[in-house]
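Coordinate-derived values only; no laboratory data. If you're wondering where the values come from, they're calculated on a predicted model, not measured in any experiment. Note: ideal-geometry Cβ built from the backbone for every residue, glycine included; neighbour counts use all protein chains shown.
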Amino acid sequence: AENGREKLIAVFEEIQRYYRRMGIEKKENETFEEYFCRFGDDITEGSDCEFLIRTFNQAHYTTVTEGEDYEIATDVLEQKLSEVKKKIKLHQKILMMIDTD
């Protein structure tokens with residue numbers, strides 16, 4: 001079973017995959033902060049941004065594997081993931097409509 005940290009990182013990686021399909025990639029030398037801020041409101045509602053960045057840094061740079069912060073951050077990202085999936089479906093529908101000309 002995954003621990004809190006692994007689950008958070010897994011959800012983040014899934015979000016990145018979906019964003020890549022929409023043409024938004026995390027640059028190699030980009031920090032989480034820069035990455036998140038690039039599509040700011042799309043992935044976070046204001047105050048969540050700092051919380052997510054802090055939690056990600058903790059997940060990546062410390063040995064802490066469990067904690068309420070991980071759970072909250074995972075919930076926020078899972079919510080965003082379902083929104084992103086809907087956006088992609090819409091995106092694909094629009095592209096298909098354009099292609100039929």
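Here are the numbers for this structure:
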| quantity | calculated |
| --- | --- |
| Charge sum, other residues only, whose C-beta stays under 13 Å from A10's C-beta, Lys/Arg counted +1 and Asp/Glu -1 | -2 |
| Counting all C-alpha pairs of the chain, share separated by more than 22 Å (%) | 32 |
| Pair E30, E2: separation of 7 Å Cα→Cβ label points (nm) | 2.1 |
| Of K26/K87; K27/K89; K27/K86, those spanning more than 21 Å from alpha-carbon to alpha-carbon | K27/K89; K27/K86 |
